[in-house]
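The values are calculated or read from the model by the stated rules, or taken from the named source; none is laboratory data. In this text, all values refer to a predicted model and were calculated from it rather than measured experimentally. For neighbour counting, all protein chains shown are included, and Cβ atoms are generated from backbone atoms with ideal geometry for every residue, glycine included.
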Amino acid sequence: MTCHEIEALRLGLMNSLGISDDAAKKHARDELGENPEPHIEALAEADTLADCKRHLDTALVELEEEVAAADSEAADYDYLRGRLVAVRDAEAAIDRLLTQGEAFLDDLGEAHHTLHEVFPADE
């Protein structure tokens with residue numbers, strides 16, 4: 001059992017951030033295998049941070065359902081719950097990243113506005 005959600009998120013983030021690390025991408029793809037679940041494949045192919053967030057939310061719902069249906073006495077139950085914690089943590093990190101990106105965008109807008117106030121454009 002592997003952390004498909006985390007590896008798919010890594011791929012989606014590399015796509016959306018424009019990171020070309022062929023070795024990391026190959027490793028993540030190898031972890032996912034040849035036929036990942038559709039929601040995992042969608043996360044791995046995400047092109048934007050918003051897409052990463054949306055597909056990670058779907059993957060998290062799927063994982064929560066898997067944990068709820070699992071036998072708590074099974075040998076891999078603790079690992080499954082650990083995956084859930086890791087994916088929830090990743091979701092919180094994506095939320096922070098999106099919030100910081102939006103704040104940065106707002107700051108740039110304010111800086112632009114301030115420049116026009118201080119140095120009005122001749123019309």
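So that you can scan it fast, the table gives a plain yes or no per residue for (1) surrounded by 14 or more Cβ atoms within 10 Å (Cβ to Cβ); (2) of a type in the set (Val, Ile, Thr); (3) in a helix (DSSP H, G or I); (4) in contact with a Phe, Trp or Tyr (Cβ under 7 Å, 6 or more places away or on another chain):
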position: ALA59; (1), (2), (3), (4): yes, no, yes, no
position: GLU65; (1), (2), (3), (4): no, no, yes, no
position: ALA68; (1), (2), (3), (4): no, no, yes, no
position: SER72; (1), (2), (3), (4): no, no, no, no
position: LEU80; (1), (2), (3), (4): yes, no, yes, no
position: GLN100; (1), (2), (3), (4): no, no, yes, no
position: ASP106; (1), (2), (3), (4): no, no, yes, no
Inset, instruction - Being closer than 27 Å to GLU66 by Cα and among the β-branched types (Val, Ile, Thr) is the filter here, so list the residues in region 1-47 that pass it. - result: THR2, ILE6, ILE40
Legend entry - Tally of residues being buried (at least 16 other Cβ atoms within 10 Å of the Cβ) and acidic (Asp, Glu) across region 15-30: 0
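Would you pick out the residues in region 44-54 that are over 18 Å from GLY33 (Cα atoms) and either free of Cβ contacts under 8 Å to residues at least 12 places away in the same chain or in a helix (DSSP H, G or I) (or both)?
Here is the first cut: in region 44-54, the residues over 18 Å from GLY33 (Cα atoms) are 47-54.
Within region 44-54, LEU49, ALA50, ASP51, CYS52, LYS53, ARG54 meet the criteria.
Can you say whether GLY12 is crowded, with 19+ Cβ neighbours inside 10 Å, of a type in the set (Gly, Ala, Ser) and modelled with pLDDT of 95 or more, as far as the supplied structure shows? Give the derivation first.
Values: crowded, with 19+ Cβ neighbours inside 10 Å: yes; of a type in the set (Gly, Ala, Ser): yes; modelled with pLDDT of 95 or more: yes.
For GLY12, the condition - crowded, with 19+ Cβ neighbours inside 10 Å, of a type in the set (Gly, Ala, Ser) and modelled with pLDDT of 95 or more - is met.
Taking region 77-91 as the search range and keeping residues that are within 15 Å of HIS4 (Cα to Cα) and charged (D, E, K, R), which one is nearest to the chain's Cα centre (by Cα)? Working first, answer last.
Quick first cut of region 77-91, residues within 15 Å of HIS4 (Cα to Cα) only: 79-91.
Checking the rest, the ones that are also charged (D, E, K, R) come to 81, 83, 88-89, 91.
Working: ARG81: 19, ARG83: 14, ARG88: 11, ASP89: 10, GLU91: 7 Å.
Of everything passing the filter in region 77-91, GLU91 is nearest to the chain's Cα centre (by Cα).
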Inset, instruction - Would you confirm whether any residue within region 31-48 is within 15 Å of GLU91 (Cα to Cα), at pLDDT 95 or above and surrounded by fewer than 18 Cβ atoms within 10 Å (Cβ to Cβ)? - result: yes
